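The values are calculated or read from the model by the stated rules, or taken from the named source; none is laboratory data. Bear in mind the structure is a predicted one, so any value in this text is a computation, not a measurement. No Cβ is skipped: glycine too gets one built from the backbone with ideal geometry, and neighbour counts run over all protein chains shown.
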Amino acid sequence: MDLKIIKKIDPKMAGLIEKEEKRQQETLTLIASENYPSKAVREALSSIFVAKYAEGRPYKRYYAGQEFIDKMETLVEERAREVFGLDSKVWAVNVQPLSGTPANYAVWRGLLKLGDKIMSLHLPHGGHLSHGSPASLVGKDFKIVNYFLDKNGWLNYDEVEKLAEKEKPNLIIAGYSAYPRIVDFKRFGEIAKKIGAYFVADIAHIAGLIAGKVHPSPFPYADVVTTTTHKTLRGPRGAIIFCKRELEKKIFPIVFPGIQGGPHEHSICAIGVALKEVMSQKFKRYARQIVKNTKALAAELKRYDFNLISGGSDNHLVLIDLRNKNISGKPAQERLEQAGIVINRNTIPTIPVDVPRQSPFDPLGMRLGTPALTTRGMKEKEMRKIAFWINEVISKPKSIPRVKQEIRKLCQKYPIP
Ligand SMILES: *Cc1c(COP(=O)(O)O)cnc(C)c1O
């Protein structure tokens, strides 16, 4: 990135930007929630929309000067519907949430009364903080009941149904941070309908896969769908709420004025550019390549006797149980980082639940995702090489300096956009 002006007025900050850019260029990002937005998206992020206050919804604003903001935000809403094939008479869209967590919080507070019951996946099994962790406000505002993965790490829909019938939650969430398999949204929708609960699909991780038609869509079955825009969707940081028209009056006033003021219109503009890219054939190929790359990575890791939760992957991530490798998540993450492989340690769905209890600071597993490297243009061959390096670093720490050199060489061939 050209930092000519920053270098002149703020060399210290320019130095940090350059160092971070070099770090990203020379290392392999395998963090499943990260991705590289295009140059076009980054250009939009630095557009003049950054200077504008636009509290309120398009064409219902509080300040003057909204002629182009209104057109721009409406275009982004239309594109968001187009990407997922939605009818504007049925689905309302809000592109203003600052990120996934506030988007989710707005949905819960809009649809529920304080103290109502939410049913979601247990966090250490792959749920998300914003789905009712006691550490989140969500866990303080609502009663939370959790469902669990089975002992092989799969969703068990019969168990979800039994629990829903027993607990009668007001709202059921399907949507995960570390689940490597296809989600049966249809079944979730049926379960929610049977007990009269809202069904919310949180597709933060897999939105790009759904848009690229490599994962089934939740829209035919859900009352509300939330997503971040910066993961597989490959936009800037942000979030989108889609809800059935009859729910918009409940949810959208929580976004503003409930928990936010002026929306970040430059980010919204960049979301629009990202969505334009998502509609291309090129993006469909990208989504297919993510899945192919993850399958190649998973198969090769298994050859090195890595224990994959659920035995493999259908999407963009793999979750590894490290116990047979005599290392826990934190030292594994640190060792890999020394070699230039950037991953995150992760809890794994141990059964019985929480025995042994896993600390989020040093859990028993690690999570790897391919969206960012696929954006850099890497394919199955590179994934197999990466599995080889991961095995080297985990089993022979002495190999780290050599692996680091080899990774740097590979990275030069695949520059970040
Ligand atoms: C990433 C994620 C979110 C939102 O995260 P933010 O960091 O707040 O943008 C919400 N739900 C799930 C399932 C996620 O993976």
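When we screen Phe219, Phe188 for residues that are crowded, with 22+ Cβ neighbours inside 10 Å, over 16 Å from the mean Cα position of the chain (by Cα) and more than 13 Å from the ligand (Cβ to nearest atom), the only hit is Phe188.
Rundown of residues vs (1) surrounded by 14 or more Cβ atoms within 10 Å (Cβ to Cβ); (2) of a type outside the set (S, T, N, Q), yes/no style:
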| position | (1), (2) |
| --- | --- |
| Asp2 | no, yes |
| Arg23 | no, yes |
| Asn35 | yes, no |
| Ala44 | yes, yes |
| Lys52 | yes, yes |
| Glu67 | no, yes |
| Ser88 | no, no |
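Among the residues making up region 156-184, those that are part of a loop (DSSP other than H, G, I, E, B) and either farther than 30 Å from Asn293 by Cβ or more than 16 Å from the ligand (Cβ to nearest atom) (or both) are Asn156, Lys168, Pro169, Asn170, Asp184. Can Lys250 be described as of a type outside the set (Val, Ile, Thr), in the same structural domain as Ile343 (by TED's automatic domain parsing) and away from the ligand (no atom under 16 Å from the Cβ)? Spelling it out, it is not the case that Lys250 is of a type outside the set (Val, Ile, Thr), in the same structural domain as Ile343 (by TED's automatic domain parsing) and away from the ligand (no atom under 16 Å from the Cβ).
On the stretch given as region 106-139, residues that are closer than 19 Å to Gly261 by Cβ, in contact with a Pro (Cβ under 9 Å, 6 or more places away or on another chain) and within 15 Å of the ligand (Cβ to nearest atom) total 1.
The residues of region 356-379 that are in contact with a Lys or Arg (Cβ under 6 Å, 6 or more places away or on another chain) and surrounded by 24 or more Cβ atoms within 10 Å (Cβ to Cβ) amount to a single one, Met366. For region 222-241, a residue qualifies if it is surrounded by fewer than 24 Cβ atoms within 10 Å (Cβ to Cβ) and within 28 Å of Ile191 (Cβ to Cβ), and exactly one does: Asp223.
Here is a yes/no grid of residues against (1) among the small types (Gly, Ala, Ser); (2) within 14 Å of the chain's Cα centre (by Cα):
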{"site": "Trp154", "(1), (2)": "no, no"}
{"site": "Leu163", "(1), (2)": "no, no"}
{"site": "Tyr176", "(1), (2)": "no, yes"}
{"site": "Asp184", "(1), (2)": "no, no"}
{"site": "Ala192", "(1), (2)": "yes, no"}
{"site": "Val225", "(1), (2)": "no, yes"}
{"site": "Pro236", "(1), (2)": "no, yes"}
{"site": "Ile251", "(1), (2)": "no, no"}
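Could you tell me whether region 45-53 includes any residue that is closer than 23 Å to Gly208 by Cβ, aromatic (Phe, Trp, Tyr) and touching a residue at least 40 places away in the same chain (Cβ under 8 Å)? Within region 45-53 (the criterion being closer than 23 Å to Gly208 by Cβ, aromatic (Phe, Trp, Tyr) and touching a residue at least 40 places away in the same chain (Cβ under 8 Å)), the answer is no, since none of the residues qualifies.
Each row is one residue, and each column tells you yes or no for (1) surrounded by fewer than 21 Cβ atoms within 10 Å (Cβ to Cβ); (2) hydroxyl-bearing (Ser, Thr, Tyr); (3) farther than 15 Å from Ile240 by Cβ; (4) outside the structural domain of Ile254 (by TED's automatic domain parsing).
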| site | (1), (2), (3), (4) |
| --- | --- |
| Ala80 | no, no, no, no |
| Ala92 | no, no, no, no |
| Val95 | no, no, no, no |
| Ser99 | yes, yes, no, no |
| Pro102 | yes, no, no, no |
| Trp108 | no, no, yes, no |
| Asp116 | yes, no, yes, no |
| His122 | yes, no, yes, no |
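Taking the condition out of contact with any Cys (no Cβ under 8 Å at 6 or more places or on another chain) and either under 22 Å from Tyr179 (Cα atoms) or buried (at least 21 other Cβ atoms within 10 Å of the Cβ) (or both), does Ile407 pass? So Ile407 does not fit the description; no. Taking region 54-78 only, how many residues are without any contact (Cβ under 8 Å) to a residue 60 or more places away in the chain and either among the basic types (Lys, Arg) or not assigned by TED's automatic domain parsing to the domain that holds Pro216 (or both)? The total comes to 3. Taken as a whole, the condition of being buried (at least 22 other Cβ atoms within 10 Å of the Cβ), modelled with pLDDT of 95 or more, aliphatic (A, V, I, L, M) and within 16 Å of the ligand (Cβ to nearest atom) does not apply to Val76.
A search for C-beta distances below 7 Å between a residue of region 204-228 that is under 22 Å from Gly110 (Cβ atoms) and of a type in the set (Phe, Trp, Tyr) and any residue that is more than 16 Å from the ligand (Cβ to nearest atom) and modelled with pLDDT of 95 or more, counting only pairs 6+ apart in sequence or on different chains, returns Phe219/Phe84; Phe219/Leu86; Tyr221/Lys186; Tyr221/Gly189.
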